[in-house]
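The values are calculated or read from the model by the stated rules, or taken from the named source; none is laboratory data. It should be emphasised that the depicted structure is a prediction, and the values quoted were computed from it without experimental measurement. Cβ placement follows ideal geometry from the backbone for every residue including glycine, while neighbour counts extend to all protein chains displayed.
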């Protein structure tokens, strides 16, 4: 008997519960590779999530690490969530905040912010960096809200176990637990670890929902999904995800947003607003990042 056959008695997912799947594309960010999932040709957004990058895992020798110079954002909130390693965040609000595995850095760009991402305390040692960087489009009427930053420690995030599946509620509410991380619209963000043979049914009370396979292989209905794949659920259907191996998935979702334009690091419902942001960055009208005098020029300059 194959392992797939052995799974049949415990995999009870609904037939045809997946609307589409999205394959990640590898992007070289200068010695550092990410798997980019959103935006994709098949789908721009899932709920408020308009950008989703799987960083690493990347190994760095002593004296090397992630090194992203100051750059601007508008119209979004960014979420940094690490599995391994450390990143030092600096921004134009004056915040200097290292982030470690399991914690959350929520940076709300709103009308405009600049920030940098530099190596953390592990810079002088051999280190590994592995995590998810995602952006959420701000809702209509809130795109120009004041910039803000909030750090939430790993210990503050709800952690629970459901039939052997470990679930951390990063944002939103699921399985009777609510994260303290701020949301600007209906939002769901979960970190789920499935042992081989375990099964978890995703929440079905969000307008849009998807899951990304960080590691391992999972099965939904009659299809399997490997590392680097995202699958988007049909609205209103309960989706049961089975671990065909030890696996880790990130679940995202929330309320559907209107169409957004995206150019470089700028997101807006207005193309004119993006053009204004380009000019503001070109002419040094964004506030400066504290203790970091470098910058990334516009791609077209």
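Of the residues 280, 291, 226, which single one is out of contact with any helix residue (DSSP H, G or I) (no Cβ under 6 Å at 6 or more places or on another chain), within 23 Å of residue 56 (Cβ to Cβ) and surrounded by fewer than 17 Cβ atoms within 10 Å (Cβ to Cβ)? I'd like the intermediate steps shown before the answer.
On the way: 280 fails: within 23 Å of residue 56 (Cβ to Cβ); 291 fails: within 23 Å of residue 56 (Cβ to Cβ).
None of the others qualify; the one that does is 226.
Can residue 224 be described as part of a strand (DSSP E or B) and more than 30 Å from residue 282 (Cβ to Cβ)? Reasoning before the result, please.
Details: part of a strand (DSSP E or B): yes; more than 30 Å from residue 282 (Cβ to Cβ): yes.
Here the answer is yes, as residue 224 does meet what is asked.
Do you know which residues across segment 244-272 are farther than 21 Å from residue 187 by Cβ, more than 19 Å from the chain's Cα centre (by Cα) and assigned to a loop (DSSP other than H, G, I, E, B)?
Across segment 244-272, the qualifying residues are 244, 245, 246, 270.
Could you tell me whether segment 239-249 includes any residue that is in contact with a helix residue (DSSP H, G or I) (Cβ under 8 Å, 6 or more places away or on another chain) and either at positive phi or in contact (Cβ under 8 Å) with a residue 60 or more places away in the chain (or both)? Talk me through it step by step, then tell me what you get.
Quick first cut of segment 239-249, residues in contact with a helix residue (DSSP H, G or I) (Cβ under 8 Å, 6 or more places away or on another chain) only: 242, 244.
Then keep just the ones that are either at positive phi or in contact (Cβ under 8 Å) with a residue 60 or more places away in the chain (or both); that gives 242, 244.
For segment 239-249, residues in contact with a helix residue (DSSP H, G or I) (Cβ under 8 Å, 6 or more places away or on another chain) and either at positive phi or in contact (Cβ under 8 Å) with a residue 60 or more places away in the chain (or both): present.
Give 275, 300 a once-over and let me know the one that is within 27 Å of residue 42 (Cα to Cα), without any contact (Cβ under 8 Å) to a residue 40 or more places away in the chain and part of a helix (DSSP H, G or I). Talk me through it step by step, then tell me what you get.
Working: 300 fails: part of a helix (DSSP H, G or I).
The conditions single out 275.
If we only count strands (runs of 3 or more DSSP E) wholly inside segment 86-181, which ones have 3 or more residues that are under 17 Å from residue 67 (Cα atoms) and in contact with a strand residue (DSSP E or B) (Cβ under 7 Å, 6 or more places away or on another chain)?
Values: elements: 87-91, 96-99, 104-108, 113-119, 127-137, 148-152, 159-162, 165-171.
Result: 87-91, 96-99, 113-119, 127-137.
Scanning for something in contact (Cβ under 8 Å) with a residue 12 or more places away in the chain, at negative phi, part of a strand (DSSP E or B) and touching a helix residue (DSSP H, G or I) at 6+ places or on another chain (Cβ under 6 Å), does segment 43-59 turn up at least one residue? Break it down stepwise before answering.
The first filter runs over segment 43-59 and keeps only residues in contact (Cβ under 8 Å) with a residue 12 or more places away in the chain, leaving 43-59.
Among the residues that remain, those that are also at negative phi are: 43-46, 48-55, 57-59.
From what's left, part of a strand (DSSP E or B): 46, 49-55, 57-59.
Add one more test, that the residue is touching a helix residue (DSSP H, G or I) at 6+ places or on another chain (Cβ under 6 Å), and what stays is none.
No, the conditions are met nowhere in segment 43-59.
Considering every residue within segment 168-181, establish whether at least one is more than 23 Å from residue 47 (Cβ to Cβ), free of Cβ contacts under 8 Å to residues at least 60 places away in the same chain and either surrounded by fewer than 16 Cβ atoms within 10 Å (Cβ to Cβ) or in contact with a helix residue (DSSP H, G or I) (Cβ under 6 Å, 6 or more places away or on another chain) (or both). Talk me through it step by step, then tell me what you get.
Applying the first criterion (more than 23 Å from residue 47 (Cβ to Cβ)) to segment 168-181 yields none.
No, segment 168-181 contains no residue that is more than 23 Å from residue 47 (Cβ to Cβ), free of Cβ contacts under 8 Å to residues at least 60 places away in the same chain and either surrounded by fewer than 16 Cβ atoms within 10 Å (Cβ to Cβ) or in contact with a helix residue (DSSP H, G or I) (Cβ under 6 Å, 6 or more places away or on another chain) (or both).
Please enumerate the residues belonging to segment 197-221 that are assigned to a loop (DSSP other than H, G, I, E, B) and either under 21 Å from the mean Cα position of the chain (by Cα) or crowded, with 23+ Cβ neighbours inside 10 Å (or both). Give the derivation first.
Our first condition is that a residue be assigned to a loop (DSSP other than H, G, I, E, B); within segment 197-221, this holds for 197-198, 202-207, 216, 221.
Hits for segment 197-221 are 202, 203, 204, 205, 206, 207, 216.
Return yes or no: is residue 194 buried (at least 20 other Cβ atoms within 10 Å of the Cβ), farther than 30 Å from residue 258 by Cβ, more than 18 Å from the chain's Cα centre (by Cα) and free of Cβ contacts under 8 Å to residues at least 60 places away in the same chain?
Numbers: buried (at least 20 other Cβ atoms within 10 Å of the Cβ): yes; farther than 30 Å from residue 258 by Cβ: yes; more than 18 Å from the chain's Cα centre (by Cα): yes; free of Cβ contacts under 8 Å to residues at least 60 places away in the same chain: yes.
When the stated conditions are applied, residue 194 passes them.
Could you figure out which of (1) crowded, with 21+ Cβ neighbours inside 10 Å; (2) within 16 Å of residue 18 (Cα to Cα); (3) in contact (Cβ under 8 Å) with a residue 60 or more places away in the chain isn't true of residue 254?
All conditions are met except number (2).
This table checks each residue for (1) farther than 30 Å from residue 295 by Cα; (2) in contact with a strand residue (DSSP E or B) (Cβ under 6 Å, 6 or more places away or on another chain).
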| residue | (1), (2) |
| --- | --- |
| 213 | yes, yes |
| 218 | yes, yes |
| 230 | yes, yes |
| 237 | yes, no |
| 252 | yes, yes |
| 256 | yes, yes |
| 263 | no, no |
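To keep it simple, each residue is scored yes or no on (1) within 29 Å of residue 200 (Cβ to Cβ); (2) exposed (fewer than 13 other Cβ atoms within 10 Å of the Cβ); (3) at pLDDT below 95.
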position	(1), (2), (3)
24	yes, no, no
44	yes, no, no
56	yes, no, yes
60	no, no, yes
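Can you tell me which of (1) in contact with a strand residue (DSSP E or B) (Cβ under 6 Å, 6 or more places away or on another chain); (2) in contact (Cβ under 8 Å) with a residue 60 or more places away in the chain; (3) more than 26 Å from residue 89 (Cα to Cα); (4) surrounded by fewer than 21 Cβ atoms within 10 Å (Cβ to Cβ) is the one residue 269 doesn't meet?
For residue 269, the exception is condition (1).
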